[in-house]
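Heads up, the thing below is written out as structure tokens.
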Amino acid sequence: MTVKISNKIVGYRVKKADPETTTEHQAPLQPESKPVQMNEYIERPDFLLGTTYKIKPPVAEHAMYITINDILLNEGTDHESRQPYEVFINSKSMEHFQWVIALTRVISAVFRKGGDVTFLVEELRSVYDPNGGYFKKGGVFMPSLVAEIGAVIEKHLKAIGLLENEEMSETTKRILAEKRAEFEASQTTATNDEKASDYPANATMCGKCNTKAVIVMDGCATCLSCGDSKCG
Ligand SMILES: [Zn+2]
């Protein structure tokens with residue numbers, strides 16, 4: 001039915017849905033078809049669980065503490081996932097303060113954007129210090145402090161299951177342990193005075209895992225850290 005309005009419109013009101021007439025048009029909610037509430041827009045909860053990692057890079061005067069907090073998305077649903085939410089870096093030494101703060105803010109922003117954040121690890125780990133990097137305890141080479149921060153993030157993403165943890169098989173571990181024992185027994189001048197490295201003192205650098213852990217035996221170079229081996 002059309003109604004012609006000849007007077008001036010001076011006001012209007014949106015008609016409210018009549019509760020009695022609307023309910024009968026709606027399909028009754030089945031318990032199994034209950035809609036899942038997805039958190040597209042996240043407000044920071046009052047508390048987050050996190051992990052703090054301590055690193056002691058020789059390029060900084062004091063130890064650095066890297067805290068990564070995680071958020072649990074869509075808790076209790078099939079879409080539940082743990083995602084990193086923010087990162088803080090603390091240290092007594094202030095010489096790197098400015099860029100460390102900048103870096104943590106940018107990383108936190110990338111975390112909060114969501115999606116796949118694992119690319120950060122590769123980006124950070126491939127930063128090379130023009131002064132030439134350093135060896136961590138255990139003989140692992142770090143090309144820069146930024147790379148070590150990247151390594152910590154990698155460790156964390158592996159711990160919460162966002163990156164795959166490439167574990168060595170038990171057989172490989174056993175073979176490496178045997179090789180190592182044999183190598184150490186064959187060394188007459190074993191220098192055990194300082195345990196700076198987890199590997200024999202005369203081990204050389206591995207191109208695959210950046211650890212000073214390659215020994216040469218019977219013409220084969222074997223890395224005691226990652227198991228990489230080349231013969232001939
Ligand atoms: Zn290796």
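Just name the residue that is nearest to D116 (Cα to Cα) out of those in the stretch 52-70 that are open to solvent by less than 70 Å² (accessible area, probe 1.4 Å) and free of Cβ contacts under 8 Å to residues at least 24 places away in the same chain.
N69
State whether the residues of the stretch 71-81 include one that is open to solvent by less than 20 Å² (accessible area, probe 1.4 Å), more than 17 Å from the chain's Cα centre (by Cα) and not assigned by TED's automatic domain parsing to the domain that holds A213.
Kept after step one, since they are open to solvent by less than 20 Å² (accessible area, probe 1.4 Å), are these residues of the stretch 71-81: 71, 74.
This time we only want the ones that are more than 17 Å from the chain's Cα centre (by Cα), so: 74.
Now restrict to residues that are not assigned by TED's automatic domain parsing to the domain that holds A213: 74.
Yes, the conditions are met somewhere in the stretch 71-81.
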| query | Name the pairs whose Cβ atoms lie under 6 Å apart, with the first residue in the stretch 197-216 and within 9 Å of the ligand (Cβ to nearest atom), the second aliphatic (A, V, I, L, M) and in a loop (DSSP other than H, G, I, E, B), and 6 or more positions between them or separate chains? | reply | A213/A203; A213/L224; V214/A203
| message | Of the conditions (1) modelled with pLDDT under 85; (2) in the same structural domain as L120 (by TED's automatic domain parsing), P143 satisfies every one except a single condition; which number is it? | response | (1)
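Considering only the stretch 85-106, how many residues are in a strand (DSSP E or B) and farther than 13 Å from I149 by Cβ? Before you say what the answer is, go through the steps one by one.
Residues of the stretch 85-106 that are in a strand (DSSP E or B), as a first pass: 85-91.
Now restrict to residues that are farther than 13 Å from I149 by Cβ: 85-86.
The qualifying residues number 2.
Surrounded by fewer than 15 Cβ atoms within 10 Å (Cβ to Cβ) and at pLDDT 90 or above, is that true of P130?
Values: surrounded by fewer than 15 Cβ atoms within 10 Å (Cβ to Cβ): yes; at pLDDT 90 or above: yes.
It is true that P130 is surrounded by fewer than 15 Cβ atoms within 10 Å (Cβ to Cβ) and at pLDDT 90 or above.
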| message | I'd like the full set of residues that are β-branched (V, I, T) and either outside any helix (DSSP H, G or I) or over 17 Å from E148 (Cβ atoms) (or both), limited to the stretch 107-126. | response | V110, V117, T118
| query | For S225, which of the numbered conditions (1) part of a loop (DSSP other than H, G, I, E, B); (2) more than 16 Å from the ligand (Cβ to nearest atom) fails to hold? | reply | (2)
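The values are calculated or read from the model by the stated rules, or taken from the named source; none is laboratory data. The structure presented is a predicted model; accordingly, all values stated were derived computationally and were not measured. Because the Cβ atoms are built from the backbone with ideal geometry, glycine has one as well, and the counts that use them run over all protein chains shown. Only protein heavy atoms, including side chains, enter the accessible area calculation; ligands, DNA and RNA are left aside. Shrake-Rupley method; radii C 1.70, N 1.55, O 1.52, S 1.80 Å.
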